[in-house]
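Inspection log for the structure reproduced underneath, given as structure tokens.
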Amino acid sequence: MSFDVDAARAQFPILRRQINGKPLVYLDSAASAQKPRAVIEAMTAVMESRYANVHRGVHTLANETTEAYEGAREAVRRLLNAKSADQIVFTKGATEAINLVASSFGAGFQAGDQIVLSQMEHHANIVPWHFLRERQGVVLRFAPVTEDGRLDMEAYRAMIGPRTRLVAMSHMSNVLGTINPAGEIVSIAHAAGVPVLLDGAQAVVHRSVDVQALDVDFYVFSGHKLYGPTGVGTLYGKSERLAAMRPYQGGGEMIETVTEEAIRYADPPHRFEAGTPPIIEAIGLGAAIAWLESLDRAAVARHEEALYARVKHRLNGANWIREIGSAPGKGAIFAFTMEGAHAHDVAQILDRQGIAVRAGTHCAEPLLHRFGVTSSARASFALYNTLEEADSFVDALTTTRTFFA
């Protein structure tokens, strides 16, 4: 198969919009991707023709919606190549999935126990572990990042010790675009008997993920970055890990029986899905995965790599731009600072030219501190971006520079 970017773009109604009289060039997909018509229609169809609560009714609408909801769980299983759909827990996003693991799996961590992270983590994979530091005395250790944005693997290896209870790391950085050697990260940890959580919010969008091949204990991602809706995400966990974990929240659905004296919890994944779940959103996520499955993912990856390569080539020698992160094989994310300009000002001037980029800390303050900056701008490319848009971005940067020269 090959990849037809024009055909893909035609599936995204919003890309026909204009911003400030200019064609929209959307380069903020690492924050949240746009939605194809297949997702919009799937969610609309549920609300218009078959909506009901799931798992609790015997009438036709309840059965239809439950089937679609559980079909979405199976779609996630396929996407990650998990052994069983029972290893897939629906959450409201990657953030909640990590909080679930911190609260449930981390409940038994003691003062002095260690969690190994990296300097490139998103706040979602830092703050929940700080809760354990504050409340249980857990020690957080951060593996350093090299100047070109790679994880220092030797330093990481040296951090694994007898008090290490968990490794929690990004599979792909949302700022640097670095794709970490996930298999090696897991192998090093497992050799010392340490489980691993991988934050796949970025990686699952741009690379095929096989949790069985990685042998990872926990894997999380968000629907809205994967061309699906907000309000839904996924926690994958090995069966034995999930079975040993206490519930994260209490309520309906997560129980087997309740009496005035005792509770018996449901088996995973329902043990961790208290209350009415994100039904419509999960079905939308299933539609997004089915849509992605219709594409040649390898061809898509090559297309995205070409977009990043075009920007790098066009900016070669531009000493007024500093790229943050240039690791070999990185994803199509270009984070940068412009000489003499604040990132927010750069983003606003680009917006006047119809180009949407991110500006700020990108929820990664320790990483920006490591590179000696307080903010940066970020262009993140997706499958619907074109080489012409990459050129427009570079041209707009050149125009923007004149405001600060």
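Bear in mind that the values in this text are calculations on the coordinates, not laboratory data. Small disclaimer: the values here were computed from a predicted structure and weren't measured. Here Cβ is always computed from backbone atoms with ideal geometry, including for glycine, and neighbour counts include all displayed protein chains.
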Going residue by residue through the stretch 165-181, the Karplus relation 6.51 cos²θ - 1.76 cosθ + 1.60 with θ = phi - 60° gives ³J(HN,Hα) values, rounded to whole Hz and with x marking Gly or Pro, of 10, 6, 10, 10, 9, 6, 6, 9, 6, 7, 10, 7, x, 4, 9, 6, x
Under 5 Å between amide H atoms, partner at least 5 residues away or on a different chain: which partners does residue 57 have, H built in plane at 1.01 Å? none
Total formal charge among the other residues, if their Cβ is under 10 angstrom from that of residue 376, Lys/Arg +1 and Asp/Glu -1: +2
If packing is taken as the average number of other Cβ atoms within 10 Å across a peptide's residues, how do 23-30, 331-338 rank, most packed first? 331-338, 23-30
Report the full-extension gain for the segment residue 239 to residue 135: residue separation times 0.36 nm, less the Cα-Cα distance, to one decimal in nm. 34.7 nm
Antiparallel DSSP beta bridges within the stretch 98-169, as percent of all bridges there, nearest 5: 10 percent
Near residue 8, within a Cβ-to-Cβ distance under 14 Å, what is the net charge of the other residues, with Lys and Arg +1 and Asp and Glu -1? 0
Grab the other residues whose beta carbon is less than 11 angstrom from that of residue 323, score K and R as +1, D and E as -1, and report the net. +3
Based on Cα positions only, what radius of gyration and what Dmax would you give for the stretch 1-115, in angstroms? 19.8, 58
In whole angstrom, note down how far apart the Cα centers of the stretch 361-404 and the stretch 272-316 are. 20 Å
When the convex hull of the Cα atoms of the chain is projected onto a plane and the area is averaged over all directions, what value comes out in nm²? 21.2 nm²
Taking the alpha-carbon set of the stretch 134-241, what are its Rg and Dmax in Å? 14.3, 41
Between 0 and 90°, nearest 10: helix 279-293 axis offset from the chain longest Cα axis: 60 degrees
DSSP-defined antiparallel bridges as percent of all bridges, the chain, nearest 5: 60 percent
Once both axes come from the Cα atoms, what is the angle between helix 297-314 and the longest principal axis of the chain, in degrees from 0 to 90, rounded to 10? 30 degrees
Ranked 91, 374, criterion: other C-beta atoms within 10 Å, fewest first: 374, 91
For the chain, calculated [θ]222 nm from helices alone, where every DSSP H run of n ≥ 4 adds -39500 (n - 2.57): -11000 deg cm²/dmol
